[in-house]
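Every number in this text was worked out from the coordinates using simple rules, so none of it is lab data. Fair warning: this is a prediction, and the values are worked out from it, not measured in the lab. FYI the Cβ positions are ideal-geometry reconstructions off the backbone, even for glycines, and counts take in every protein chain you see.
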Amino acid sequence: MLQNSFGVHISSASVDRGDGSDPRSLAHDILAGLRVPAGVRDAEDEWDDDSAALLAIPVTDDGHVLTLTEEDRIASTLSVVDLREAFRSQGLTLWLEDGTDPDDDGFDAEDADDAEVVEDEEDLEDEELDSDTSTFTLPTVQVCAFSHRGPAVARLLSSIRRMVVDHQESGEWSLQQFETSEPTGDWTTSRAELPVIELNRVDSDAWIEVTPPKGGPIPFWIDAERGTRPVLDIEAIRIPETAEICRRLLAEGDGSRDELLELAAMVRLDVDAAHRALMPESLGGVVGTEARQRAFLAAFGIAPDLIDAAFGGQTARPNRRFLPLGPWATVRETAIAGVGEFTALTRRDRPLARLGDAIRRRPVVGIALALAEFSAGMWLTSRTRGGGRSFGVLLVVDALIDLAIWITRIRRGRQG
């Protein structure tokens, strides 16, 4: 029988001292002494007044904590209550739920008093926020959006959201860069343009949102587990099965691999490569913030030169910058650009798209077709009545619009 024949999950816990000093080293020693295969998150970060000590602790479904015996076998004899007491005896408070009774918070009277104080502080903070909501504004996020979207989406985004959008293409992938405080992952004209993979950066924080063909955007906080350090030396565990269980608990306990597997069922994705960009560095994850972001993006098969462009490099294809326009100007420019700009990059090699592109590169052919349409419309208008006459009028109007578009294209020299 496998040692892990019971339900277990990684529970996120916090620990603090009464004086606000760094409790991570002592918390590590307590867990190591009890042989709990836990992890200390952000273990190497500098401690300041805004820091929080977070732990990743394996907890069973019946409210016990996983430990290792002297023989390196997995046991579940330590209760959450006993673990909290072990922390209390060292002057620390461990905030960890056992999950066994939703009506019982698992704290004793002293914990309850502390919780009431925290709730009172939170109520005061909420009141302060409510009294100052008029000054609250969403932060501006720098977005690098990778997808199969054509430049038409960039033009519409720019005009409707009133922002500058840079558009670059490489193969079947495009990169659109802009600054906004509103979501944009759902701006597509067809499912063929998906997935949309957005690298979002604001100040020192960064995250990636993936919008698949089905469902809403899925966020991935690339550095959330980066600094997690195992409490126990996994390489020193003598039983390979135990070591593998401990490693997988810390590497996959946040559920990110399960989300990646679901994504891989809808889009092209190297799950192992993407997961290495989310794993703790101490367990074989990609080292470095930028390297982790690059590796995660590359796992979707995004063109390398576009990834370089997102981090300040140059691509082989020229950049197109779209500035905000008024409604009529947007309609005019979209019509002049043609339906080819609405075509998903994955469909540009299809016969109909290639035919449209070929005609657009030959203005004489386009004008000839427009004149033929005009002639047909005039014939129907003069020779028929009722529905035929109305259809003829539509052909004439459409032909005149096409001629105006072709003349404008020729004047601007946009023949290719």
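Assorted remarks:
- With the highest mean first, a sort of the peptides 304-311, 389-396 on other beta-carbon atoms found within 10 angstrom per residue produces 304-311, 389-396.
- Phi-derived couplings, Karplus 6.51 cos²θ - 1.76 cosθ + 1.60 at θ = phi - 60°, listed residue by residue for the stretch 13-20: 10, 10, 9, 8, 9, x, 8, x Hz, with x used for Gly and Pro.
- Sequence-distant residues sharing a close amide H with Leu232 (under 5 Å, placed H): Ala38
- What the Cα convex hull of the stretch 204-248 gives, in volume per residue, is 107 Å³.
- Ratio Rg/Rh [Cα only; Rh per Kirkwood] for the stretch 169-291: 1.04
- Less than 5 angstrom separates the built amide H of Asp42 from those of Gly227, Thr228, Arg229, all sequence-distant by 5 or more or on a different chain.
- Listed peptides 61-70, 190-199 by packing density, highest first (mean Cβ within 10 Å): 190-199, 61-70
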